[in-house]
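A.B. asks: My structure is below; once you've seen it, I'll send some questions.
The values are calculated or read from the model by the stated rules, or taken from the named source; none is laboratory data. These figures come from a predicted structure and were not determined experimentally. Every residue, glycine as well, gets a Cβ built from its backbone with ideal geometry; the counts of neighbours run over all protein chains shown.
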Amino acid sequence: MYYKVAWEIDIEADSPEDAARKALAIQRDSNSIATVYEVWGDDQVTHVDLTELDECCDEAPHYGDPPRCGCGRNHWHHEAWH
């Protein structure tokens, strides 16, 4: 399955290249909260907030295949479970 994933941000910059470099720096910052995406696939668009998912599930026990925590969501998106 192929997905189209989009992340967007409003940035003040001196040029398009400057804006792209600033956006890239934000994405690469390990403390960034720029973790909200729109994902197109399966004939639908899904809003995915990875910070919200991580906060929900970091402390919860995970079980099953695919792994699930107490929230009941499928958590294959977590890098550790790939």
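A.B. asks: Name, by its number, the condition in (1) in a loop (DSSP other than H, G, I, E, B); (2) in contact with a Ser or Thr (Cβ under 9 Å, 6 or more places away or on another chain) that does not hold for Ala13.
C.D. replies: For Ala13, the exception is condition (2).
A.B. asks: To continue, here is another question. Look through segment 29-68, keep the residues that are among the aromatic types (Phe, Trp, Tyr) and surrounded by 12 or more Cβ atoms within 10 Å (Cβ to Cβ), and return whichever of them is modelled with the highest pLDDT. Step through it out loud before you land on a result.
C.D. replies: Taking segment 29-68 and keeping what is among the aromatic types (Phe, Trp, Tyr), we get 37, 40, 63.
Now restrict to residues that are surrounded by 12 or more Cβ atoms within 10 Å (Cβ to Cβ): 37, 40.
Values: Tyr37: 91, Trp40: 94.
My answer is Trp40.
A.B. asks: Given (1) in a helix (DSSP H, G or I); (2) surrounded by 12 or more Cβ atoms within 10 Å (Cβ to Cβ); (3) at pLDDT below 85, identify the lone condition not met by Ala19.
C.D. replies: (3)
A.B. asks: Any idea which of (1) surrounded by 12 or more Cβ atoms within 10 Å (Cβ to Cβ); (2) outside any helix (DSSP H, G or I); (3) at pLDDT 55 or above is the one Ile26 doesn't satisfy?
C.D. replies: Single failed check for Ile26: (2).
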